[in-house]
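The block underneath contains the structure these notes are about, expressed in C-alpha cells.
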Amino acid sequence: QVKRVHWLRARAQRQRWHEELTLVAYEMQWTVRYWTRESSKWRSALDIPSASAGAKAYAHRKYLFWYKMALVADKAFRQSCLNYASPLS
C-alpha cells in the first residue's frame, strides 16, 4: 500500500514536470514573438512622415532595443532547449 502511494505521487510529479517543460517551450516562443511584435511597432513608427527627428531617433532606438532582445533571446533559447521552435526562422 505504501509503495503504491509513493508510486502514484512520483507519477504525478513526473506528469507535472512534463507539463512544465511544454509550458516553458511555449513561453520561450511567446517571449520572442512579443519582442518581435514590439520591434515591429517601433519600426512602423519610423515611417510616420509628420514625426520630428527626435521622435524618429527615439523610435529607432526602441526598435533596435526590442529587435536585439528578440535575437538574443532566440539564440539563447535555441542553445538551451532542443525542443524550441524558433518563431524567427
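Here is how the numbers come out for the structure above:
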| item | result |
| --- | --- |
| Selected residue [under 14 Å from E38 (Cβ atoms) and basic (K, R)] from K56, K75, K62 | K62 |
| Those residues of the range 48-89 which are exposed (fewer than 12 other Cβ atoms within 10 Å of the Cβ) and among the aromatic types (F, W, Y), in sequence order | none |
| Residue check, Y67 farther than 24 Å from Y26 by Cβ and at pLDDT 95 or above | no |
| Among (1) in a loop (DSSP other than H, G, I, E, B); (2) within 22 Å of Y26 (Cβ to Cβ), the one test that S50 misses | (2) |
| Residue list for the range 1-40, restricted to those being under 27 Å from A59 (Cα atoms) and aliphatic (A, V, I, L, M) | M28, V32 |
| First in the range 8-29 and open to solvent by less than 70 Å² (accessible area, probe 1.4 Å), second anywhere and in a helix (DSSP H, G or I), Cβ under 7 Å, 6 or more apart | M28/F77 |
| Test: residue in the range 37-49 that is among the polar types (S, T, N, Q), out of contact with any helix residue (DSSP H, G or I) (no Cβ under 8 Å at 6 or more places or on another chain) and closer than 17 Å to L71 by Cβ | yes |
| Residues (closer than 30 Å to R78 by Cβ and acidic (D, E)) located in the range 1-52 | E19, E20, E27, E38 |
| Long-range neighbours under 9 Å by Cβ, at least six apart or interchain, first residue in a loop (DSSP other than H, G, I, E, B) within the range 74-89, second surrounded by fewer than 12 Cβ atoms within 10 Å (Cβ to Cβ) and among the polar types (S, T, N, Q) | N83/T22 |
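The values are calculated or read from the model by the stated rules, or taken from the named source; none is laboratory data. Note that the structure is predicted; figures quoted are calculated from it, not measured. When we count neighbours, we look across all protein chains shown, and the Cβ atoms used for this are built from the backbone with ideal geometry, even at glycine. What goes into the accessible areas is simple: the full protein's heavy atoms, side chains included, and nothing from ligands, DNA or RNA. Shrake-Rupley method; radii C 1.70, N 1.55, O 1.52, S 1.80 Å.
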